[in-house]
4 protein chains.
Amino acid sequence: MHIGLIGLGKMGANMRDRLRANGIGVTGYDRNLEISDVAGIGELIAALPAPRLVWVMVPAGAVTDAVIAELATVLSAGDLVIDGGNSRYTDDFSHSALLATTGVHYIDAGVSGGVWGLTNGFGLMVGGSADQVERAMPVFDGLRPEGPREESFVHAGAVGAGHYAKMVHNGIEYALMQSYAEGYELLEKRSDLITNVPGVFKAWQRGTVVRSWLLELLVRALAEDPELQNIDGFVEDSGEGRWTIEEAIDNAVPVPAISAAIFARFVSRQDDSPAMKAVAALRNQFGGHAVKTAD
Amino acid sequence: MHIGLIGLGKMGANMRDRLRANGIGVTGYDRNLEISDVAGIGELIAALPAPRLVWVMVPAGAVTDAVIAELATVLSAGDLVIDGGNSRYTDDFSHSALLATTGVHYIDAGVSGGVWGLTNGFGLMVGGSADQVERAMPVFDGLRPEGPREESFVHAGAVGAGHYAKMVHNGIEYALMQSYAEGYELLEKRSDLITNVPGVFKAWQRGTVVRSWLLELLVRALAEDPELQNIDGFVEDSGEGRWTIEEAIDNAVPVPAISAAIFARFVSRQDDSPAMKAVAALRNQFGGHAVKTAD
Amino acid sequence: MHIGLIGLGKMGANMRDRLRANGIGVTGYDRNLEISDVAGIGELIAALPAPRLVWVMVPAGAVTDAVIAELATVLSAGDLVIDGGNSRYTDDFSHSALLATTGVHYIDAGVSGGVWGLTNGFGLMVGGSADQVERAMPVFDGLRPEGPREESFVHAGAVGAGHYAKMVHNGIEYALMQSYAEGYELLEKRSDLITNVPGVFKAWQRGTVVRSWLLELLVRALAEDPELQNIDGFVEDSGEGRWTIEEAIDNAVPVPAISAAIFARFVSRQDDSPAMKAVAALRNQFGGHAVKTAD
Amino acid sequence: MHIGLIGLGKMGANMRDRLRANGIGVTGYDRNLEISDVAGIGELIAALPAPRLVWVMVPAGAVTDAVIAELATVLSAGDLVIDGGNSRYTDDFSHSALLATTGVHYIDAGVSGGVWGLTNGFGLMVGGSADQVERAMPVFDGLRPEGPREESFVHAGAVGAGHYAKMVHNGIEYALMQSYAEGYELLEKRSDLITNVPGVFKAWQRGTVVRSWLLELLVRALAEDPELQNIDGFVEDSGEGRWTIEEAIDNAVPVPAISAAIFARFVSRQDDSPAMKAVAALRNQFGGHAVKTAD
């Protein structure tokens, strides 16, 4: 099998490497021609056997929109596009509809695993028709970890289901990280009592209820920097966490833990909190409580 | 009527003034003899007609414990002690039991109103026996605002009920402040659209669902400093907010808004968040996401 | 002054009455012809002096869209449309743009006050150009409560600012209600100690930090039904609360109290919680904890 | 080595079995004599070689207090008591002090692993002096899973550190469970799109960021009951989750995710929510919104 791969960033490049290592031919294209296999999308298309399979792995939103739009003009009936980026699942509906006008098929694929995917393999959640999913299975098998297919791959439903599942995955991920982080702070605040905080996390790796891959990563981080002295508590968030909250709102699903995780990230990036300035101002007004003045 | 008042801090001094203005004789004692009417508790007791009524208005916890313990040794059967401080309601049980050993009566009184109480009057929630509450009514009437008694005073139940009600009052207060503060930040963040943020709060004072006294205070604060530039988003919290959470936990009452208010204050006082350092470290481990290094 | 008013539901009918009582002529139109002054929008337009002022007070979303679209075809350059419904502020941009194509002006007006507005007056937050706001001021003055204009009316900014401010108002409102509700449950759970729960709320109306109009409404509700026995804990939510969360997410504003209020409403409407089924299933798996079986 | 084990409930019985399988002699005592090896604590003590090691595995609180008090009267200087139950860490201070009066040593051990511990081994967090921890190491090694000791065992600090670490472990556990549960509900609510919800969880077991042991348990639960139809969303909580919140409050640590998990459990057990009754009552008062009447 020989596929095209558009987008050779951190994730795309790792996927190309893993696929090739697993016997899938990959022609990669990236706007950065230094890392690209071909000079342009036209050349990429020409290099692929028909019917073609093109995996798109570029930033969600405008960039993915543009790539899909261009593919709609250069691909032919029977070709298949897989969007493996972090697109919002609602974008899949317009992308698949656009491609369908010229008979091009579409699959959305949520991909998890981060920088570890190259060696460990990537977890995959896909949406699309059964026959197209079956057709792309060699690619999925080339990307996912060893072991039973159903433990790292799911055909979650029709178009959109893959990215929806990935969005939920990331929402859960945010809340899991927040969970361990709150526990870390509870231990760290009592370092008078807990004299070996990294050791506690390390010891949770076997036998306990809280063991997980994220825990292992925290153990690694604490091995490198036991008091996290070299790291700022400044945390970005990405589209998928935010979309999770919006979907929850749309579907009347209470998500207090996931939203707590997002809000904590928002706060982490503030120099000062307008809300807390307002609370301080209120306390000052009714109680004559001293305020710290900004100076 | 002539009562003793122990503790002449911000609240106690205002209460003395208001009571005197309303025809109640008050002999005040404070450790700071410059503001005290008498030189010691002994002199205070001697100055009062029997059976005595002594209002205690000192910091909750150890100081109140000590004052109650001393009163237990100097007061006589039939005297009445009212603890008007912010004591935890569970302390009322031991304080009343101690005083009861020598026949001294006890009322716990939650007092709200802050520095505005002198002119506006204080809201009162009291716990104790019906006859003792009736006996102290002239004092309560001297402290509370004008208007129907039941709109500023409640006999909430037996000993402990006054402080429990005051604790809940403060828990609600925390959440109300957080509510307006979140709204403030939502408006302030869109100052491109909302070109008159103070004006919005000002306009909510009549006719709207959100009108309240706290809103009026926020209007005052924004009149003095329309962008709250001279105030830090650093907010203390006091015992009653924390006790509210603990009571909620003990009684299996979900209090997500009140706890959100407390947690926001905790965060407001942190230079950096250990929890968010842990989240940043995790993101760095699995995603190769850049971290801001503390330097 | 003589204006048109489209939509004579609970709010619209009250506004018509209040405006007329305050000397503003109102021709009202409603699809329900039994309560309508005219038979159709054409007749409404014909009844108004040019340049016309038409206040729209219909359900947000599709209905408002349709009314605005129709007005765009029947109004003339120089006329003014005010959308006083609970539209999302982003709808104001398209509505004003559509009307502007034929020279029709636009103001968005957030209106607060509920069923009490008829007697108390309505709080108003408006967005639009200064000259159009000035032009409509007699209408605003006719709707708002007595007292200084700036305490019940604000020109919050350009088009969209009125509905944005109203959205934030409602977000705050949700959180305020949740705050009192959590306090209510804390008191109610300890009815062994707090033997007069309605009395506690009643006593908070004067002098305390938590006094507000919502508190007064809770006092009324508890006067009618002291244990709220005749009311289900089933609470709807409307668009504005949800939009507040979405705006918060878009602007990276942490809103833990407002979101807690929304999530509590979501939960209140569930017969059983899928999330809690999952937690129960997990506890059963790892701990052998008994589960309640659905039967 | 030959130790005594008091308490042969679900956990204690499994621990006895695992220790014996790993070459540690165990004499077990339980009030239920049908499962006990001896008739009483006296007989248990007599059966042990001096200096003795007695592991206590009974319900936290009053029962543990009573057992420790009895052991204080029957053990001798140089003996060692290990409390492996879910005691609050502050209890360890009084328990160790009491035993120390007669020269008996004390270790607190947090034990994780649930019903799976018998086969998988138990994760262990202990507090105490280095020499006593060293002395008991054969027991710890007999209980913990295979693999490097530091991945399933930690000497976390002095007395109290083991139970503190276990408390935090359980707080994290609550929040992790809530995280997956919110994700489950987000998927389940969109079963129109996600046609294979159990398959999604199953596929997350390899390669993804959210893989964990709890995830595996959820996969098992969904394999048994794909829509969790036979399980009620009614979830108990235990002391450790509550203590985590209280410690967080005492140490000014914000724990929004952990508290969200606890509050969700509280709500899950309510037939109707007093707080939501209050919100419904408020909406009815100001907006004339219809309420569902309890009947």
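None of the figures in this text is laboratory data; all of them are computed from the coordinates on show. Bear in mind the structure is a predicted one, so any value in this text is a computation, not a measurement. Please note: Cβ atoms are built from the backbone with ideal geometry, for glycine as well, and neighbour counts cover all protein chains shown.
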Legend entry - Label-point separation in nm, residue D:94 to residue A:1, each point 7 Å along Cα→Cβ: 6.5 nm
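Round to the nearest 0.05 the FRET efficiency obtained for residue C:192 and residue D:31 when R0 = 30 Å and r is the Cβ-Cβ distance. Walk me through the intermediate numbers first.
Numbers: r = 33 Å, r/R0 = 1.09.
Computed FRET efficiency for residue C:192 and residue D:31 comes out at 0.40.
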Inset, instruction - Place a +1 charge on the Cβ of each Lys and Arg in the range D:104-155 and a -1 charge on the Cβ of each Asp and Glu, then give the dipole magnitude about the Cα centre in debye, rounded to the nearest 20. - result: 120 debye
Legend entry - Spatially close lysines, pair count over chain A: Cα under 25 Å, gap of eight or more or interchain: 4
Inset, instruction - Determine the dipole magnitude for the range D:165-295: charges of +1 sit on the beta-carbon of Lys and Arg, -1 on that of Asp and Glu, nothing else is charged, the reference point is the Cα centre, and the result goes in debye to the nearest 20. - result: 380 debye
Legend entry - Choice from C:52, C:220, C:283 with maximal GNM fluctuation in chain C (Cα, 10 Å cutoff): C:283
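Net charge near residue C:144: determine it from the other residues with C-beta under 12 Å of the C-beta of residue C:144, scoring Lys and Arg +1 and Asp and Glu -1.
Values: positive: B:206, C:18, C:149; negative: C:141, C:146, C:150, C:151.
Within the 12 Å Cβ shell, the charges total -1.
Per-residue Cβ counts within 10 Å, from other chains only, averaged over D:138-150: what number is that?
Numbers: counts 0, 0, 0, 0, 0, 1, 3, 5, 2, 3, 4, 2, 8.
Mean shielding count: 2.
Hey, what's the Cα Rg ratio for the range B:1-129 versus the globular rule of thumb, 2.2 N^0.38 Å? Walk me through the numbers on the way to the answer.
Working: Rg = 13.5 Å, N = 129, 2.2 N^0.38 = 13.9 Å.
Dividing the Cα Rg of the range B:1-129 by 2.2 N^0.38 Å gives 0.97.
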Inset, instruction - Starting from the amide H of residue B:29, placed 1.01 Å from N in the peptide plane, find each other amide H under 5 Å away whose residue is 5 or more places distant or on another chain. - result: B:5, B:6, B:7, B:37
Inset, instruction - Select from A:261, A:275, A:158 the residue whose mean-square fluctuation is largest in a Gaussian network model of chain A (Cα-Cα springs shorter than 10 Å). - result: A:275
Legend entry - Positive-end residue of B:90, B:262, B:214, charge dipole of chain B with Cβ unit charges: B:214
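How long is the gain from residue C:223 to residue C:130 if the chain were fully straight, where each residue apart is worth 0.36 nm and the alpha carbon distance is subtracted?
So the extension gain works out to 29.0 nm.
To the nearest 0.05, how large is the calculated FRET efficiency for residue D:46 and residue D:77 if R₀ is 22 Å and r is the Cβ-Cβ distance?
0.80
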Inset, instruction - Find how much the distance from residue A:22 to residue A:102 grows on full extension, using 0.36 nm per residue of separation minus their present alpha carbon separation; answer in nm with one decimal. - result: 25.6 nm
Inset, instruction - For residue C:238, place a label point 7 Å out from Cα along the Cα→Cβ vector, do the same in each other copy, and report the separations in nm, one decimal, smallest first. - result: 3.7, 3.8, 4.6
Legend entry - Teacher prompt: residue D:22 distances to equivalent labels in other copies, 7 Å Cα→Cβ, nm: 3.7, 6.9, 7.8
Legend entry - Alpha carbon centroid spacing (whole Å) that separates the range C:83-144 from the range A:219-295: 35 Å
Inset, instruction - Return the long-range amide H neighbours of residue A:82 (sequence gap of 5 or more, or a different chain), with a cut-off of under 5 Å between placed amide H atoms. - result: A:54, A:55, A:56, A:107
Legend entry - Fluctuation leader among A:208, A:119, A:102 - chain A, Gaussian network, Cα springs under 10 angstrom: A:208
Legend entry - chain D - mean residue ellipticity at 222 nm from DSSP helices (-39,500 (n - 2.57) per run, n ≥ 4, rounded to 500): -15500 deg cm²/dmol
Legend entry - the range D:105-119 - phi-based ³J(HN,Hα) in whole Hz, Karplus 6.51/-1.76/1.60, Gly and Pro as x: 7, 8, 9, 9, 10, x, 10, 10, x, x, 5, 7, x, 4, 8
Inset, instruction - Scan around residue B:88 for amide H atoms under 5 Å from its own, H built in the peptide plane at 1.01 Å from N, and keep only partners 5 or more places away or cross-chain. - result: B:61
Legend entry - Interatomic Cα distance distribution for the range B:167-270, bins of 5 angstrom, percent: 2, 11, 20, 21, 18, 14, 8, 4, 1, 0
Legend entry - Residue among D:172, D:117, D:107 farthest towards the positive dipole end of the range D:83-184, charges placed on Cβ: D:107
Inset, instruction - Taking a label point 7 Å out from Cα toward Cβ, give me the nm distances from residue D:226 to the same spot in the other copies, shortest first, one decimal. - result: 5.1, 5.4, 6.3
Legend entry - Positive-end residue, chain A charge dipole about Cα centroid, Cβ charges, pick of A:153, A:200, A:5: A:200
Inset, instruction - Among DSSP beta bridges lying fully in the protein assembly as shown, give the percent that are antiparallel, nearest 5. - result: 25 percent
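If you take each beta carbon of peptide C:122-130 and count the beta carbons of other chains within 10 angstrom, what is the mean? Display every interim value, and only then the final one.
Details: counts 3, 9, 3, 7, 1, 3, 0, 0, 0.
The shielding value for this peptide is 3.
Around residue A:183, under 14 Å between beta carbons, what's the net of Lys plus Arg minus Asp minus Glu among the other residues?
Working: positive: A:189, A:190, A:202, A:211, B:277, D:166; negative: A:182, A:185, A:188, D:173, D:240, D:247.
Combined, the nearby Lys, Arg, Asp and Glu give 0.
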Inset, instruction - Nearest to the axis that maps chain B onto chain C: list the chain B residue whose Cβ wins, with the distance in whole angstrom. - result: B:212, 2
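Compute the FRET efficiency between residue A:292 and residue B:292 as 1/(1 + (r/R0)^6), taking r as their Cβ-Cβ distance and R0 = 30 Å, and round to the nearest 0.05. Numbers along the way, then the final one.
Details: r = 24 Å, r/R0 = 0.80.
It comes out at approximately 0.80.
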